[in-house]
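Worksheet: one structure, shown below.
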Amino acid sequence: MAVKEDRYKLVRYSPWLLHFNTGACNGCDIEVLAAITPLYDPERFGIKLAPSVRHGDILIVTGAVTKKAAERLKRLYEQMPCPKFVVAVGACAISGGVFAKSYSVVGGVDKVIPVDVYIPGCPPRPEAILDGIVKLLKMIEEGRAVSKCEHKG
Amino acid sequence: MSTKAEVLSKLAIRTEVVKPKRIVFVIRPEDLRKVFEELIKTFGPESFYLSTIVGVDLPAENKMRLDYYVHFIPEGETVVIRTFIDRSNPVIDSIIDIVPGALAGECETFDLLGIVFRGNPYLKRGFFVPVDLVQKGIHPLRKDSGV
Ligand code: SF4
């Protein structure tokens, strides 16, 4: 294994998720919560919920980013330790969805912070959300996803 | 003991029925405080709660409509207390001193529609509305706001 990958080892073995709603209608949030229930058993991939943003490895963002949530999203992202990855869940988090041109909306998550994986759907099914996260882990393993934080870990 | 509908009907100009268990009592704006005072006096402050306040801009009639959604807890019923105010001078009495739960509703309606709730010291722009619109003085839910 290459040296570069070692700093991602912890994330690959047990990624801790942090879920943040930047203006979702709650549809995506319900599916994210469903995805972390024993029915879908995310722990078989080592996936757990982080108790605090400072323990998070992967930020799950749902909903169109409103102008007010944009500041908070950026602050949250900056508080996460490196390496960190971002998953945009749902049409809204990808591009703003049906709220795209609203006066209070900035747009998709990638207008504010870098995004690694986009999971389409309105809302996506829990299987799709887990699949997206597992794909991200695979991408990390293969070196196709690189954490974009400025301070190198 | 009189029912809630009877108490409300006494102060209403007219009533409408949107759907069963959702009666609309249209009142004069100056009677708003009286209606809530009457509810508290007759049934006690814990017999109902104000779920939300909804404002609608009606430029064609030069009016603004205010709907107070009141939920009666023992009956499990929701009624609407509706009133119309002048669009060119949108002012109505605040009820936060008698119904503290009205705070969020009044602040939101002020921010989105520019309706002034006389006596509410917490009204401020930017409660929900993004700062760029606030700087332009836009109330986004007004039909002519252009956003
Ligand atoms: S993508 Fe659909 S379900 Fe998800 S927040 Fe947007 S509107 Fe709601």
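The values are calculated or read from the model by the stated rules, or taken from the named source; none is laboratory data. Please read all numbers here as calculations on a predicted model, not as lab measurements. Glycine also receives a Cβ, built like all others from the backbone with ideal geometry; neighbour counts cover every protein chain displayed. All accessible areas refer to the heavy atoms of the entire protein, side chains included, with ligands and DNA or RNA removed. Shrake-Rupley method; radii C 1.70, N 1.55, O 1.52, S 1.80 Å.
What about B:Ile96, is it within 14 Å of chain A (Cβ to nearest Cβ), in a loop (DSSP other than H, G, I, E, B) and surrounded by 14 or more Cβ atoms within 10 Å (Cβ to Cβ)?
For B:Ile96, the condition - within 14 Å of chain A (Cβ to nearest Cβ), in a loop (DSSP other than H, G, I, E, B) and surrounded by 14 or more Cβ atoms within 10 Å (Cβ to Cβ) - is not met.
Residue by residue through the range A:12-41, note down the ones that are away from the ligand (no atom under 12 Å from the Cβ) and in a loop (DSSP other than H, G, I, E, B).
Residues of the range A:12-41 that are away from the ligand (no atom under 12 Å from the Cβ), as a first pass: A:12-20, A:33-41.
Across the range A:12-41, the qualifying residues are A:Ser14, A:Pro15, A:Ile36, A:Thr37, A:Pro38, A:Leu39, A:Tyr40, A:Asp41.
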Residue list for the range A:83-106, filter: over 14 Å from the mean Cα position of the chain (by Cα) and under 22 Å from A:Ser147 (Cα atoms): A:Ser95
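For every residue, the table says whether it meets (1) away from every other protein chain (no Cβ under 14 Å); (2) surrounded by 20 or more Cβ atoms within 10 Å (Cβ to Cβ); (3) part of a helix (DSSP H, G or I).
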residue	(1), (2), (3)
B:Pro74	yes, no, no
B:Thr78	yes, no, no
B:Gly105	yes, yes, yes
B:Asp132	no, no, yes
B:Gly146	no, no, no
How many residues does the range A:19-51 contain that are more than 21 Å from A:Leu76 (Cβ to Cβ) and of a type in the set (Phe, Trp, Tyr)? 2
So, A:Arg44, is that one open to solvent by 80 Å² or more (accessible area, probe 1.4 Å), over 30 Å from A:Lys101 (Cα atoms) and either more than 13 Å from the chain's Cα centre (by Cα) or away from chain B (no Cβ under 14 Å) (or both) or not? yes
Going by the conditions given, is B:Arg82 surrounded by 14 or more Cβ atoms within 10 Å (Cβ to Cβ) and either within 14 Å of chain A (Cβ to nearest Cβ) or farther than 27 Å from B:Ala5 by Cα (or both)? no
Checked against (1) within 14 Å of chain A (Cβ to nearest Cβ); (2) out of contact with any helix residue (DSSP H, G or I) (no Cβ under 6 Å at 6 or more places or on another chain); (3) part of a loop (DSSP other than H, G, I, E, B), B:Gly126 satisfies every condition except (2)
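Taking A:Gly63, is it touching a helix residue (DSSP H, G or I) at 6+ places or on another chain (Cβ under 7 Å), surrounded by fewer than 16 Cβ atoms within 10 Å (Cβ to Cβ) and away from chain B (no Cβ under 14 Å)? It would help to see each step written out before you state the result.
Values: touching a helix residue (DSSP H, G or I) at 6+ places or on another chain (Cβ under 7 Å): yes; surrounded by fewer than 16 Cβ atoms within 10 Å (Cβ to Cβ): no; away from chain B (no Cβ under 14 Å): yes.
No: the conditions fail for A:Gly63.
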Flagged pairs (Cβ under 8 angstrom, 6 or more apart or on separate chains; first in the range A:60-73, closer than 22 Å to A:Glu31 by Cα; second more than 16 Å from the ligand (Cβ to nearest atom) and not hydrophobic (A, V, I, L, M, F, W, C)) are A:Thr66/B:Pro130
Please enumerate the residues belonging to the range A:82-110 that are more than 14 Å from chain B (Cβ to nearest Cβ), open to solvent by 50 Å² or more (accessible area, probe 1.4 Å) and away from the ligand (no atom under 12 Å from the Cβ). A:Asp110
Look at B:Asp31 and say whether it is of a type in the set (D, E, K, R) and either within 18 Å of B:Lys143 (Cα to Cα) or within 14 Å of chain A (Cβ to nearest Cβ) (or both). no
Does B:Phe110 meet the test of being of a type in the set (A, V, I, L, M, F, W, C), open to solvent by 10 Å² or more (accessible area, probe 1.4 Å) and at pLDDT 95 or above? yes
Taking first residues from the range A:111-139 that are more than 15 Å from A:Leu17 (Cα to Cα) and second residues anywhere that are away from the ligand (no atom under 16 Å from the Cβ) and aromatic (Phe, Trp, Tyr), the pairs with Cβ under 6 Å that are 6 or more apart or on different chains are A:Ile113/A:Tyr77
